[in-house]
Amino acid sequence: MKFKDISPKRHVSSSLPIHPYFGKVDPALASSLILHLSKEKDIVLDPFSGSGTVLHEAIINNRSAIGWDSSQLACLISTCKLMGILDEEIDKLNDFKLKIENNFKQVSNFDDYLNLIPSMPRVRGVSKWFTDNSLKELSFIKFHIKEIEDDIKSSPLLNFIWISFSAIITRSSNQKGESNYVAIEKDDYKGKTISLFSKSIENTIKCAASFNIELDGIKRESFKSYDNKNSILFNNGLSLKTINVDSRNTFEGHSTKADLVVSSPPYLMSWDYALYHKFRFYWMDFQLDDYEETEIGRHLRRKKDDVERYTADMTSIFNNLTGALNNDAKIALINAPSVVYGKLVDTNQILSECADEAGWKTIECIESIDIPGPHHGMYGSLKSRKANAPGEAGKKEHVLIFSRK
């Protein structure tokens, strides 16, 4: 395969910008792999599905898709990204937005809502991270969501409301950015968070409706949510499943075997999603501590066993994929070497060794620097740490392709 002629697609069209998320694979690269390594109506699996870029490219290229992710937040985002939206859901979302806006104009005492401010046991100085206005308004919005939750449980509408709420939490806080856990002073005024939520509802509708257009007449036929799984069936026979699961563990979920894996696996010592999404997990009542234990390669373990742990985790992944794939399936992973304590570590070689142990062989390792990957834009940080890395700071993206031995 060659990737020289692929232009980056970014995450600006269709439903791709429905929610902030960092470290995303470029849709053009995911799409190229799907088209080259599978055929229409095949099933594409992403065992680290994140915000659903690979799943999105599979569906729009007439493949079914399955996504595994240990993050409840990631599963919520990817599900909302791929549901499309019905006219009646648009009307109800707009009605909910107006209800929030109108009720906020009339409230003078927030005491009834403040009990919904979550306990944040691992946050030092909540007042440093949230102003009084943001705490009041986030709890006010959450109260109204919880008020209708039982009536619309397990429905697409509830997912759309929660994703609209999640999307504003970092902007409502004093956290500097999506991948920058530093407190800064931001503009603050009454009604700021309410305004952000209204705009977020509008963005959710816009993105979901854009996915409708991209599907070109294909519509969601059914939606089911059960046992940490979401299942969508489209009227052309395609299906989407998102499963909130630790991909290292064997689980009941292989009744439908996939024909191809396309994924950008966790990069060793790159990010800590539990840290950057900490406030979202608290406000959404997700289990932060449980999720943190499932993060592969996160850079804040500080136990000096990062490479060994990463190797063991990725070997478990390959073993689990063996039971989830058809015999002639291939695995395509988008990866880059990592810098661990100032030294370059060839994770491409590590992945090849993990695959070999699990019964897979490496058939290609292709440089794809022309397509910005999850590491794109981080070269400067390597130089500042004086990492001993060849090439353009050594972190060129690669695609590794595996088949069974």
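The values are calculated or read from the model by the stated rules, or taken from the named source; none is laboratory data. Remember, predicted model here, so these are calculated numbers, not experimental data. All Cβ positions, glycine included, derive from the backbone under ideal geometry; neighbour counts span all protein chains shown. Accessible surface is based on the protein model in full, side chains and every heavy atom, while ligands, DNA and RNA are left aside. Shrake-Rupley method; radii C 1.70, N 1.55, O 1.52, S 1.80 Å.
Between LEU325, LEU275, LEU288, the distinction of being more than 17 Å from the chain's Cα centre (by Cα) and at negative phi belongs to LEU325 only.
Among the numbered conditions (1) at pLDDT 85 or above; (2) open to solvent by 50 Å² or more (accessible area, probe 1.4 Å), the only one that LYS303 does not meet is (1).
Collect the residues in the range 124-154 that are among the hydroxyl-bearing types (Ser, Thr, Tyr) and more than 11 Å from TYR113 (Cβ to Cβ), keeping them in residue-number order. The answer is SER127, THR131, SER134, SER154. Filtered by the rule that a residue be buried (at least 17 other Cβ atoms within 10 Å of the Cβ), over 18 Å from the mean Cα position of the chain (by Cα), of a type in the set (A, V, I, L, M, F, W, C) and more than 21 Å from SER14 (Cα to Cα), the range 214-268 gives ALA258, LEU260.
Looking across the range 335-368, just one residue is in contact (Cβ under 8 Å) with a residue 60 or more places away in the chain, more than 16 Å from MET269 (Cα to Cα) and open to solvent by less than 10 Å² (accessible area, probe 1.4 Å), and that is SER368. Of the numbered conditions (1) farther than 29 Å from ILE169 by Cα; (2) in contact with a helix residue (DSSP H, G or I) (Cβ under 6 Å, 6 or more places away or on another chain), TYR291 fails exactly one; give the number of that condition. Result: TYR291 passes all but (1). Remark: LEU321 matches the filter, which requires a residue to be part of a helix (DSSP H, G or I) and either of a type outside the set (Asp, Glu) or in contact with a Cys (Cβ under 8 Å, 6 or more places away or on another chain) (or both).
Consider ARG298 carefully, then state whether it is among the basic types (Lys, Arg) and surrounded by fewer than 23 Cβ atoms within 10 Å (Cβ to Cβ). Yes: the conditions hold for ARG298. For beta carbons closer than 8 Å, sequence separation of 6+ or different chains, a first residue in the range 185-196 that is open to solvent by 30 Å² or more (accessible area, probe 1.4 Å) and a second that is assigned to a loop (DSSP other than H, G, I, E, B), the qualifying pairs are GLU185/ASN174; LYS186/ASN174; ASP188/THR131. Entry remark, the range 1-53: residues being among the charged types (D, E, K, R) and not in a loop (DSSP other than H, G, I, E, B) number 1 in total. Considering each residue of the range 59-73 in turn, at least one proves to be open to solvent by 20 Å² or more (accessible area, probe 1.4 Å) and assigned to a helix (DSSP H, G or I).
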